[in-house]
1. Conditions first: (1) in contact with a Leu (Cβ under 9 Å, 6 or more places away or on another chain); (2) surrounded by fewer than 19 Cβ atoms within 10 Å (Cβ to Cβ); (3) at pLDDT 85 or above. Residue A:85 passes all but one, so which condition is the exception?
2. Before we move on, is residue A:368 surrounded by fewer than 19 Cβ atoms within 10 Å (Cβ to Cβ) and of a type in the set (A, V, I, L, M, F, W, C)?
3. How about the range A:43-96: which strands (runs of 3 or more DSSP E) wholly inside it have at least 3 residues that are within 28 Å of the chain's Cα centre (by Cα), closer than 27 Å to residue A:209 by Cβ and small (Gly, Ala, Ser)?
4. On the phi < 0 side of the Ramachandran plot, away from every other protein chain (no Cβ under 14 Å) and under 15 Å from the mean Cα position of the chain (by Cα): does that describe residue B:70?
5. Within the range B:15-22, is there a residue that is away from chain A (no Cβ under 14 Å) and at pLDDT 90 or above?
6. Consider only pairs whose beta carbons are under 6 Å apart and that are at least six residues apart or on different chains; among these, list those whose first residue lies in the range B:41-59 and is within 11 Å of chain A (Cβ to nearest Cβ) and within 28 Å of residue B:119 (Cα to Cα) and whose second residue is in a loop (DSSP other than H, G, I, E, B) and not hydrophobic (A, V, I, L, M, F, W, C).
7. Tell me the residue from A:216, A:183, A:191 that is of a type in the set (A, V, I, L, M, F, W, C), under 26 Å from the mean Cα position of the chain (by Cα), on the phi < 0 side of the Ramachandran plot and modelled with pLDDT under 85, please.
8. Based on what the data block shows, is residue B:77 at negative phi and surrounded by 13 or more Cβ atoms within 10 Å (Cβ to Cβ)?
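The values are calculated or read from the model by the stated rules, or taken from the named source; none is laboratory data. Not measured: the values here are computed from a predicted model. In this analysis, Cβ positions are derived from the backbone assuming ideal geometry, glycine residues included, and neighbour counts consider all displayed protein chains.
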Amino acid sequence: MRIGAALAILWLAICSATPAFAHASLAASEPRDGAVLTQAPKRVALHFNEKVTAGAVHLIDAAGKLRDDAAVDARDEAIVVAVPPDLPQGTSIVSYRVISADGHPVAGSITFSVGAPTATKAPDITNSGISGLIWLTRVGLYLGLFAGIGGAFFINWIARERAAATVIAAALGIGVISAVGSLGLQGLDLLGLPLSALATAAPWRIALGTSLGPSLLIAIAALGFGIAAMRVQRAGRMLSAVAMVGAGLALAASGHAATAPPQALTRPAVFLHGVGVALWLGALAPLIAILWGRKAAALPIVLRFSTVAVPVVAVLALTGLTLAIIQLESFGALVETKYGIILSIKLGLVAILLGLAALNRFRLTPALARDASAAQPLSRSILFECAAALGILTVVASWRFTPPPRSLLPDAPLAVHIHTDKAMFQVLIAPGRVGSDSFVLQLMNGDGSLLHAKEATLTLSMPACGIEEIERPGVRGPDGFWHVANVPLAVPGRWHMRIDALVTDFQKITLEDDFDVATQ
Amino acid sequence: MSRSALLSLLAVLAVSPATAHVLLEGKQAAVGSSYEAVFVVPHGCKGSATTKLRVQIPDGVIATEAKPAAGWSVETVRGKYAGEYDYKGAKVSEGIKEVDWSGGKLPDKTRAEFVIETYLTDGLKPDTTLYFPVVQECEEGVSRWIEIPADGAVHSHESKWPAPGVRLTPKP
């Protein structure tokens, strides 16, 4: 019954993990990135595409000084930085490090200039040294969950005798150390702190608050059950089964794939994928040990594993395919995005792994059945499998640093906000990239009420490229906003936009601003 | 000739006709005195003949009297002034706010003048420019000469549709 209670706790932990969507991306900011203002703004607002938790958010003024008197406030999807009144003229930088709902940190910076732009250096906010360690602990955690827990499960349920116990125990130990290290490093990454800050409570506290916190706690608990399964022989079967469930839950509690919508599909898929991987990879080390040892006893174990392996591979393929389709959204993303390239490499290694598995299943295992002394080719082949599997784990651990194409913001319209005392124009440009774009002009009075214009005209130019004024009349839509469709933005770069709103026959309000058009 | 050079040449040619604006004849006028405003229309709207000219009378300009122009009928729009002014011993608080010439047809590339008599009250600030926004209506299209630079500064050379203006000088 104690096992049942443990399972219930694991289940509660995963269910209480907050619903999440994807990596957060900065959708807009006020003032916008690169804005040149006549006077310092009272506040800087960063708007994200989802609710975020503020990690390290800094204001660096034009004098290059880190302003510790700038208060940071997180409100749902926005992070608001109160700008101190004595901001010097020139370019200031707001660097941010926020935590997505999926627990991953997202970092970036925006600049704005008071008066005229100056050469203020953006601080280096990438912690490359820590990144390496984060990757290493991720690989270590996978080793613990798959080789460790999977190994414990294999010797208890399939081999039904102890084999490679030292390797399994070592993997479990590495897993625990890596899980703990992963938690602390996550905190350091979020706060932008050096390695020495691991001795303080702050990184640990903030990491526990992210979705990675519960995930790693479940992993540590599962690894504990795995260690217990190796120590307590009598209850080994039940303990290793609980550990296996815990490994699946730990993976399903956090990460890109598990938090992709629809979660009713992705979370179970990640769970099954994780359990499948553990079943397969966990078998490799004990199988080699058994084949090297007593050759005669090896055959029934190999046959038992062979029977289990077929449905496991089917489940792995099905869940992997499902998750890949949800994450990638298109075939092109396989080669066009970092996330997709990693997946492509992984699939290449998986193909090798499957080839070796097929060789073992259809050639080497029958050979072993015919001649008990034919164990050496099979064990050598499984050793290659181990290498391929390790390759996959090291590649997959890099996903920690790449947002999936699903969460990138290709279709979010470009938003430009132009504000004077008299009027406030919000301009949405979709898709905001080179090609044919549509503009929505939301014209408001200085107090935010709708501005009733007789006509609205959009004029675009790009003086740097010799593109003279492109003038287009707006059409008032039923939403009260002015729409301009099919505007050709032929080249990427900084465009100039002027909006003339005719208020009376003899009076118009003209606002101008620059905006950046991306390629693709 | 390279394609980009050709394009930029075309761009220059396309822009140049717009450099002639509806203007006020005469560079300056004194506050606290009568002022004859002569509006010069040098061309139509992008090649189309002018059919109507509307002039808005700015605040501080009173006692407006529109001069007839041959072939055109004159209409005026009356309204309240922004304040109350002393004019020839009387207090005036309302009068003409807009003058419209219509019914005529002025072909493109033909110059014409439209004249109004006014009085510039001494509340107007010397050493600033007084702008008369003008709407030129044509057979096809409208040109609105209504852009007024902020802070009473002179027109930046980028202004495409500047309102005609006159520099004010101190009371004689």
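1. Failing condition for residue A:85: (1).
2. Criteria not met by residue A:368.
3. It comes to A:53-60.
4. Considered against the rule, which asks whether it is on the phi < 0 side of the Ramachandran plot, away from every other protein chain (no Cβ under 14 Å) and under 15 Å from the mean Cα position of the chain (by Cα), residue B:70 comes out as no.
5. No, the conditions are met nowhere in the range B:15-22.
6. B:56/B:133
7. A:191
8. So residue B:77 does not fit the description; no.
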